[in-house]
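K.L.:
Below you will find the structure I want to go over with you.
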2 protein chains.
Amino acid sequence: MEFLDQYQEVISKAITKYSFKDKPQELYEPMNYIISNAGKRLRPIMVLMSCDLFGGEIGKAVKPALAIEYFHNFTLIHDDIMDEAPLRRNVPTIHTVYGLNTGILSGDGLLLKAYKFFEDLEPNLYKACVRVFTHTGLLLCEGQQYDINFETQDNVTYEEYIRMITYKTGVLSASSFEIGALIAGANFRDAKNIFNFGKHIGIAFQIMDDYLDVFGNQKDFGKKHAGDIYENKKTVLYLLAMEHSTPDERKELEFWYSKKTDNVDKVYGVEKIFRRTKVDEKTLRLVEKHNQIAHDYLMKIDIPDEKKKPFIELANYLLRRES
Amino acid sequence: MEFLDQYQEVISKAITKYSFKDKPQELYEPMNYIISNAGKRLRPIMVLMSCDLFGGEIGKAVKPALAIEYFHNFTLIHDDIMDEAPLRRNVPTIHTVYGLNTGILSGDGLLLKAYKFFEDLEPNLYKACVRVFTHTGLLLCEGQQYDINFETQDNVTYEEYIRMITYKTGVLSASSFEIGALIAGANFRDAKNIFNFGKHIGIAFQIMDDYLDVFGNQKDFGKKHAGDIYENKKTVLYLLAMEHSTPDERKELEFWYSKKTDNVDKVYGVEKIFRRTKVDEKTLRLVEKHNQIAHDYLMKIDIPDEKKKPFIELANYLLRRES
């Protein structure tokens, strides 16, 4: 998508321009290391897109967009420590390269640096954006803790699952859009509409991620097939399967999810129940449901539909639908 | 000191009032655990004292004062992980009780919660205070990294040492005073004067801490005698001794500081050089120097001296001088 490339270029240039030259190098080098190892940088792009949609000045949104990217990378540094992950985007994680202590400390520093990147905004706007940012940060921590809790929690409900992914994934894209809207001077109602668009796209994306783990084309997806099943992750597939299975199937699911094993029989057994209970179809319907909710919020915004096209394209891209 | 007790009561009540009731409990309980295990709470008291000095409304400063206390406890949680400390204020540390992951995550959450506690301030004041707060946070991270660097750095200079303790200790007390002044509506110059008062008191306190480790009455000090020597810490005593010792003495110091041992001969040998080079007297003169600088900044503030008395009492208390 051409418009994505254009925004991406703005972000890449800004990341280079503002790369940390502060001292001590031992603290800031790991921050530059993770940020320069770019992901798709969708969240800062969302800030710019939203600012554009509401007729704002893109230049004013660039540093706040970096704040979102820094924040995201702060969470990655600390999450990778918690998950004991050796690799991130195919290169060694911060704590693997620089050790645990630098991982913790440069994560902290990156969060604080993110706050600094709102400081060019005038006080009213600064306060509005920083409030959204802080609130989002707390919800992410809460979502991460819920996710940790799920590992040992017996009866995770569908509602608890949705809350967890909303906090972990939905809120950051939502807030990215909202901050872009605030910077453009959008009214309160429209800022909330674009927030909710981002929230439900985020939820749909996360549900799709669960789906693709098992039912995706692994070559495209780039992850180990059924990694979530091996890891006993209580994904939406698992929760729906537990709900729609027979007592015997439920027992089998519980049996497999109480074991950590690389035995393919596990994946074979679990997938069979997933297919029998049709959780693949059910999950795709959930993706569609949240995509539709997102779309409805987008349509509520009183701006010509033509200008909203990039948002629909982005949603389709994230949900791997043909546009 | 009676005035300290009064402020302390205000802070204690506020901490109880605002104790975190949010969910998930697994995230917020560790925050309440560390905050309720009170230290002297000097930093939030500094916010209130400064607000009082400049004729501000104490009620307005209470939540920002808690932000400072939360921030301080966030650094303690993460520092204790880095130091692998089993105890803090005589009770088990967060990561010991709740595990590494919760330690990292609830530390992050506490930093974010701290930001929320400025949100009652109107936008101009909010921005002014949050900027000071963010900047302080970054300097603390930098100071912590310098401290980590010193462990393996061969030639630590006196200037590098002062910078490290300024960032690690001086800046937070400085900013506590500054934020109190800003909330009271003090002018820019006075806010900087009280900032510098706090900075130099912080530096003097840290130098005194180094001194007491070796030359203090251990019963009063409550720590292991000469713990810094056993730990090979490059304190001001060590740096001054290296500067003022003979080549043979320097070799002996380097020998001892390259070894980790519980052998009392080490402490005996190092202390002998400390006394021969008179670093005890030199260190006390440094304490006095920074105390004097702090006092000079305090005196620059155009407020009747009578109102400044608590600040001098606090300095004397921190530096264990008879007032």
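Bear in mind that the values in this text are calculations on the coordinates, not laboratory data. Computed from a prediction, not measured in an experiment: that's the story for all the values here. Positions of Cβ are backbone-derived with ideal geometry, glycine not excepted, and every protein chain shown enters the neighbour counts.
K.L.:
All other residues with a Cβ under 11 Å from the Cβ of A:HIS95 taken together, and with Lys, Arg as +1 and Asp, Glu as -1, what is their net charge?
P.N.:
Neighbour charge sum, excluding A:HIS95 itself: -3.
K.L.:
Cross-link candidates for A:LYS23: which aspartates and glutamates have Cα within less than 19 Å, leaving aside residues fewer than 8 places away along the same chain?
P.N.:
A:ASP108, B:GLU142, B:ASP147, B:GLU151, B:ASP154, B:GLU159, B:GLU160
K.L.:
Something else now. What angle do you read, to the nearest 10 degrees and between 0 and 90, between the alpha-carbon axis of helix B:123-152 and the longest principal axis of chain B?
P.N.:
20 degrees
K.L.:
Which order results if A:SER36, B:SER106, A:SER258 are arranged by neighbouring Cβ count within 10 Å, fewest first?
P.N.:
Numbers: A:SER36 11, B:SER106 29, A:SER258 8.
So the residues, fewest neighbours to most, are A:SER258, A:SER36, B:SER106.
K.L.:
Under the rule of -39500 (n - 2.57) per DSSP H run of 4 or more residues, summed and divided by the residues of chain A, what mean residue ellipticity at 222 nm is obtained, to the nearest 500 deg cm²/dmol?
P.N.:
-24500 deg cm²/dmol
K.L.:
Measuring from a point 7 Å out along Cα→Cβ, what nm distances, shortest first, does A:PRO247 have to its partners in the other copies?
P.N.:
9.0
K.L.:
Let me ask something additional. Compare B:ALA174, B:ALA14, B:ALA61 in a GNM of chain B, Cα atoms joined below 10 Å, and give the one with the largest fluctuation.
P.N.:
B:ALA14
K.L.:
Another question about this same structure. Mind listing the Cα extents of segment B:199-303 along all three principal axes, in Å, largest one first?
P.N.:
Sorted from largest, the Cα extents of segment B:199-303 read 53, 32, 19 Å.
K.L.:
Based on the alpha carbons, how large is the Rg to Rh ratio for segment A:241-314 when Rh follows Kirkwood?
P.N.:
Working: Rg = 19.3 Å, Rh = 15.3 Å.
A ratio of 1.27.
K.L.:
If neighbour count is taken as other Cβ atoms inside 10 Å, put A:THR166, B:THR152, A:THR16 in order from fewest to most.
P.N.:
Fewest to most other Cβ atoms nearby, the residues stand as B:THR152, A:THR16, A:THR166.
K.L.:
Here is a follow-up. Expressed as an acute angle from 0 to 90° and rounded to the nearest 10, what is the orientation of the C-alpha long axis of helix B:264-276 relative to the principal long axis of chain B?
P.N.:
Roughly 90 degrees between the two axes.
K.L.:
Could you work out the percent of alpha carbon pairs in the protein assembly as shown separated by over 44 Å, rounded to a whole number?
P.N.:
28 percent
K.L.:
Would you please give the FRET efficiency between A:ASN217 and A:ASP265, computed as 1/(1 + (r/R0)^6) with r the Cβ-Cβ distance and R0 = 30 Å, to the nearest 0.05?
P.N.:
Calculated transfer efficiency: 0.85.
K.L.:
While we're on this one: Cβ under 9 Å from B:ASP190's Cβ, B:ASP190 left aside: what net charge do those residues give with Lys, Arg +1 and Asp, Glu -1?
P.N.:
Value of the local net charge: +2.
K.L.:
Would you list which lysines come within 19 Å of A:LYS272, measuring only between C-alpha atoms, while excluding same-chain residues fewer than 8 positions from it?
P.N.:
Leaving aside lysines fewer than 8 places away in the same chain, those within reach of A:LYS272 are A:LYS224, A:LYS233, A:LYS234, A:LYS251, A:LYS259, A:LYS260, A:LYS282.
K.L.:
Next question. Using 1/(1 + (r/R0)^6) with R0 = 35 angstrom and r between the beta carbons of B:PHE188 and B:GLU160, what's the FRET efficiency to the nearest 0.05?
P.N.:
0.70
K.L.:
Shifting gears a bit: Near B:LYS63, which lysines are there with a Cα under 18 Å away, not counting those fewer than 8 places off in the same chain?
P.N.:
A:LYS127, B:LYS13, B:LYS17, B:LYS21, B:LYS40, B:LYS113, B:LYS116, B:LYS127
K.L.:
While we're here: If amide H atoms are built 1.01 Å from N in the plane of the peptide, which residues on other chains or at least 5 residues away come under 5 Å of the amide H of A:ARG88?
P.N.:
Correct list: A:THR93.
K.L.:
Something else now. I need the calculated FRET efficiency for the pair B:ASN90 and A:LYS224, taking r as the beta carbon distance and R₀ as 45 Å, to the nearest 0.05. Please report the intermediate quantities before stating the final value.
P.N.:
Working: r = 47 Å, r/R0 = 1.03.
Calculated value: 0.45.
K.L.:
Principal axis lengths of segment B:1-116 from Cα atoms, whole Å, largest first?
P.N.:
44, 29, 19
K.L.:
Okay, next question. Nearest to the axis that maps chain A onto chain B: list the chain A residue whose Cβ wins, with the distance in whole angstrom.
P.N.:
In residue-and-Å form, the answer is A:PRO123, 2.
K.L.:
When only alpha-carbon atoms count, how far does segment B:165-247 stretch along each of its three principal axes, as whole angstroms with the largest first?
P.N.:
Taking max minus min along each principal axis of the Cα atoms, segment B:165-247 gives 52, 33, 17 Å.
K.L.:
Would you kindly work out, in nm and rounded to one decimal, the distances from the label point of B:HIS135 to those of the same position in each other copy, ordered shortest first, with label points 7 Å along Cα-to-Cβ?
P.N.:
2.8
K.L.:
Within segment B:133-217, report the trypsin sites (Lys or Arg not before Pro) that DSSP leaves as loop and that have at most 15 other Cβ atoms within 10 Å.
P.N.:
Sites meeting the loop and neighbour criteria: none at all.
K.L.:
Put a label point 7 Å from Cα along the Cβ direction on B:THR157, then list its distances to the equivalent points in the other copies in nm, shortest first.
P.N.:
Sorted ascending, the copy-to-copy spacings read 6.4 nm.
K.L.:
Give me the tail of P(r) for segment B:112-167 as a percent: Cα-Cα pairs with distance above 18 Å.
P.N.:
Result: 48 percent of Cα pairs exceed 18 Å.
K.L.:
Can you give me the pair-distance distribution of chain A, C-alpha pairs, 10 Å bins, whole percents?
P.N.:
Computed distribution, short to long bins: 6, 25, 33, 24, 11, 2, 0.
K.L.:
Would you work out which of B:VAL91, A:ALA114, B:ILE35 lies farthest towards the positive end of the dipole of the protein assembly as shown? Charges go on Cβ: Lys and Arg +1, Asp and Glu -1.
P.N.:
A:ALA114
K.L.:
Length gain on complete extension for the stretch B:GLU119 to B:ARG276, per 0.36 nm per residue less the alpha carbon to alpha carbon distance? Don't skip to the end; give the middle numbers.
P.N.:
On the way: separation 157, 0.36 × 157 = 56.52 nm, distance 5.47 nm.
Fully extending the segment from B:GLU119 to B:ARG276 adds 51.0 nm.
K.L.:
With a 10 Å Cβ neighbour count serving as the proxy for reagent exposure, in which order, fewest first, do B:ILE81, A:ILE162 appear? Spell out each step's value before the answer.
P.N.:
Numbers: B:ILE81 22, A:ILE162 18.
The fewest-first ordering by Cβ neighbours comes to A:ILE162, B:ILE81.
K.L.:
Given a cut-off of under 8 Å on Cα pairs at least six residues apart, what relative contact order in percent is computed for chain A?
P.N.:
Relative contact order of chain A: 16 percent.
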